[in-house]
Amino acid sequence: MNLFDPSSVQHWLDLAGIFVFAVSGALLAVRKDLDIVGMAVLAEATGLGGGLLRDLVIGAVPPAAVTDLGYLLTPLAATVLVFFLHPQVERINRAVMVFDAAGLGLFCVTGTVKAHAHGLGPAAAVAMGLATAAGGGVLRDMLANEVPSLLRRDREVYAVPALVGATAVALLIHTGQLTPVTSGLSATLAFVLRLLALRYNWRAPRAWQPRGRNAGPDVPGV
Amino acid sequence: MNLFDPSSVQHWLDLAGIFVFAVSGALLAVRKDLDIVGMAVLAEATGLGGGLLRDLVIGAVPPAAVTDLGYLLTPLAATVLVFFLHPQVERINRAVMVFDAAGLGLFCVTGTVKAHAHGLGPAAAVAMGLATAAGGGVLRDMLANEVPSLLRRDREVYAVPALVGATAVALLIHTGQLTPVTSGLSATLAFVLRLLALRYNWRAPRAWQPRGRNAGPDVPGV
Amino acid sequence: MNLFDPSSVQHWLDLAGIFVFAVSGALLAVRKDLDIVGMAVLAEATGLGGGLLRDLVIGAVPPAAVTDLGYLLTPLAATVLVFFLHPQVERINRAVMVFDAAGLGLFCVTGTVKAHAHGLGPAAAVAMGLATAAGGGVLRDMLANEVPSLLRRDREVYAVPALVGATAVALLIHTGQLTPVTSGLSATLAFVLRLLALRYNWRAPRAWQPRGRNAGPDVPGV
């Protein structure tokens, strides 16, 4: 394998993305006081769950998550790191979230491209891009018995940057403009949007509240 | 597309069923104080989850849930409705439950028929009919971090009407009597049973309690 | 069907394993005060969930869980048993856990063998062996809205015996030594390890705690 050919670069990027996602899974296991089995299961689920779900839906079985040994082992490496160094990893949590945003950018692009390659239409491919980027985190939170972070209004938007990146890719495919460069720009767009969301605490709105009704916890002092 | 040919009628009924299921998902998101992403994800999961699970199990991939653009977009329409009008929709909650019962009747029939068409035996087809009708609601509750309504003894029976409708269809297939009319009657049977369950608070029994043991919260005043 | 040919023995063992897993699902439903629908759904999910997940991943659709009538009906038999006799079944809970350990041994072996037969590599086959043995229990706990027992540090190790059994099978396949006898020994190895874990309260470690930090509930008297 030539480390510098494009498919090899893609593979290393995938492994890096799986690793950072898996770190977030193992960290949640530590916070929930689970054991090392819980850490490894949450790391695998977070790192591989989104791609696994996409591959089951598009009919790409057995999924890459189980046929590629590197994919299977990478979350275990993340588990070992977090097992020994979780206080240090927690301390650099902002850096972890930057890497996680990079994974989000990467996977919303690759997920959309793969779904299109398996014959899905643009809207379905965008949905699969979102599933690839966010599905692992949802599975992680479901396994940890928490309301998925993706759905909560007290968390910075995660789905919107992924949707923007995936939609950009679908438009590029539709117009015949998808190249390694434009793919990279789409991933960067999603990445930067997620960083801005983190920096400026962008939240998605909750359901519209009619005037005069108690607006709930949004109102200071209530 | 001719709006009056049978397959077109079927398609419009499917979309209507997905819409009412999706409304229940978006409403739960509002009650749990999730943001609009949570509303859309719960709407998609409730509207499409049952059919998606069935299609993965019977090997019909990619599932209709992602190949049909109308299926993907309908839950988003339900999300928009609930976003702006959730107080009004909550107020007509009994009407929403009537429409939900109609969706239950529809999907237990179409799920059983599709599973049979993919070669499953009668018992498995009935199970898939139940999964189609009830799977979305289970996924909705799991995502919202609640014990699924389907399993709770303080809720009116949902699975039993679906099982009756699905079993009727399996018997009709077995005896060569399945027609649009008998399908419609099976769906109506499940629909009416569900309405009666709601009207008369039919609950499924919990495990048999030996005499003399503390019967728990069933005993008034305890 | 000859009751004494090997594939028939295998089939009866499978049904026995599904039955004991399903009992644990129905019991959890009783403990959570769910109704009989909840008992049946948790019994089906626990008995069949692991194999279903494996079959979806390896592309063996429709899964054995729905094509074999005995597989579908066995969890219902477990539901009936627990419905009427749950106080007695709870009283022999240690015996139930011994049978559950036997199911664990059986399914980690058969899951690994089936995954290999569908072309998966050794590491992926081991992962599928673990998924077959432990997936149903994880699904059971997720449906019941609990942190999966598999992940918790206050429970005796479950994943490690399954991993050891599955790894033994993968090594036997790799060296061409897999026979009914060596399969049986691998299952027995996992079974005995699980019994020892139960007997001596073997727990998996949680993440390493630096000296001087509050070790939390592990420290007696804190």
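Using the structure shown, decide if residue A:79 is facing chain C (nearest Cβ under 8 Å), of a type in the set (Val, Ile, Thr) and either without any contact (Cβ under 8 Å) to a residue 12 or more places away in the chain or closer than 28 Å to residue A:157 by Cα (or both).
no
Could you check residue A:62 against (1) over 26 Å from residue A:180 (Cβ atoms); (2) more than 10 Å from every other protein chain (Cβ to nearest Cβ) and say which number it fails?
Looking at each condition in turn, residue A:62 falls short on (2).
With (1) facing chain A (nearest Cβ under 7 Å); (2) closer than 20 Å to residue B:107 by Cα; (3) not basic (Lys, Arg) as the list, and residue B:86 as the residue in question, which single condition is left unmet?
Unmet for residue B:86, out of (1) facing chain A (nearest Cβ under 7 Å); (2) closer than 20 Å to residue B:107 by Cα; (3) not basic (Lys, Arg): (2).
Might you check whether a residue that is in a helix (DSSP H, G or I) and over 16 Å from the mean Cα position of the chain (by Cα) occurs anywhere in the stretch A:146-162?
There is no residue in the stretch A:146-162 that is in a helix (DSSP H, G or I) and over 16 Å from the mean Cα position of the chain (by Cα).
What about residue A:104, is it surrounded by 23 or more Cβ atoms within 10 Å (Cβ to Cβ), out of contact with any Ser or Thr (no Cβ under 8 Å at 6 or more places or on another chain) and touching a residue at least 40 places away in the same chain (Cβ under 8 Å)?
Here the answer is yes, as residue A:104 does meet what is asked.
Can you tell me which residue within the stretch B:111-126, out of those that are under 16 Å from the mean Cα position of the chain (by Cα) and open to solvent by 30 Å² or more (accessible area, probe 1.4 Å), is nearest to the other protein chains (Cβ to nearest Cβ)?
That would be B:114.
Could you list, in sequence order, all residues of the stretch A:186-205 that are open to solvent by less than 40 Å² (accessible area, probe 1.4 Å) and not in a helix (DSSP H, G or I)?
We begin by selecting, within the stretch A:186-205, every residue open to solvent by less than 40 Å² (accessible area, probe 1.4 Å); these are A:186-187, A:190, A:194, A:197-198, A:204.
The answer is A:204, and nothing else.
Taking residue C:103 as the residue in question, decide whether it is closer than 24 Å to residue A:53 by Cα and away from chain B (no Cβ under 13 Å).
no
Determine, yes or no, whether residue A:68 is at pLDDT below 95 and not β-branched (Val, Ile, Thr).
Yes; evaluated as a whole, the condition is true for this residue.
One line per residue, one yes/no per condition, for (1) within 30 Å of residue A:37 (Cβ to Cβ); (2) at pLDDT 95 or above:
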position: A:77; (1), (2): yes, yes
position: A:84; (1), (2): yes, yes
position: A:110; (1), (2): yes, yes
position: A:115; (1), (2): no, yes
position: A:135; (1), (2): yes, yes
position: A:142; (1), (2): yes, yes
position: A:153; (1), (2): no, no
position: A:173; (1), (2): no, yes
position: A:178; (1), (2): no, yes
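Which residue out of C:53, C:73 is of a type outside the set (Asp, Glu) and in contact with a helix residue (DSSP H, G or I) (Cβ under 6 Å, 6 or more places away or on another chain)?
C:53
Suppose we filter A:72, A:34, A:56 for residues that are within 7 Å of another protein chain (Cβ to nearest Cβ) and in contact with an Asp or Glu (Cβ under 8 Å, 6 or more places away or on another chain); which single one remains?
Details: A:34 fails: in contact with an Asp or Glu (Cβ under 8 Å, 6 or more places away or on another chain); A:56 fails: in contact with an Asp or Glu (Cβ under 8 Å, 6 or more places away or on another chain).
So the residue among A:72, A:34, A:56 that is within 7 Å of another protein chain (Cβ to nearest Cβ) and in contact with an Asp or Glu (Cβ under 8 Å, 6 or more places away or on another chain) is A:72.
Any idea which residue in the stretch B:141-185 is nearest to residue A:151 (Cα to Cα), counting only those that are surrounded by 19 or more Cβ atoms within 10 Å (Cβ to Cβ), more than 14 Å from chain C (Cβ to nearest Cβ) and touching a residue at least 24 places away in the same chain (Cβ under 8 Å)?
The qualifying residue nearest to residue A:151 (Cα to Cα) is B:165.
Does residue C:99 satisfy the condition of being surrounded by fewer than 23 Cβ atoms within 10 Å (Cβ to Cβ) and of a type in the set (Phe, Trp, Tyr)? Walk me through it before giving the result.
Values: surrounded by fewer than 23 Cβ atoms within 10 Å (Cβ to Cβ): yes; of a type in the set (Phe, Trp, Tyr): yes.
Yes.
Name the residue, out of B:25, B:38, B:50, that is among the small types (Gly, Ala, Ser) and over 14 Å from residue B:82 (Cα atoms).
B:50
Can you name every residue in the stretch C:116-137 that is of a type in the set (A, V, I, L, M), touching a residue at least 24 places away in the same chain (Cβ under 8 Å), in contact with a Ser or Thr (Cβ under 8 Å, 6 or more places away or on another chain) and part of a helix (DSSP H, G or I)?
C:125, C:126, C:128 - these are the residues of the stretch C:116-137 that are of a type in the set (A, V, I, L, M), touching a residue at least 24 places away in the same chain (Cβ under 8 Å), in contact with a Ser or Thr (Cβ under 8 Å, 6 or more places away or on another chain) and part of a helix (DSSP H, G or I).
The values are calculated or read from the model by the stated rules, or taken from the named source; none is laboratory data. Here the structure is a predicted model, which means the values were calculated and not measured. Note that each Cβ is placed from the backbone with ideal geometry, even for glycine, and that neighbours are counted across all protein chains shown. The protein model used for the area step is the full one, side chains on, heavy atoms only, and it has no ligands, DNA or RNA in it. Shrake-Rupley method; radii C 1.70, N 1.55, O 1.52, S 1.80 Å.
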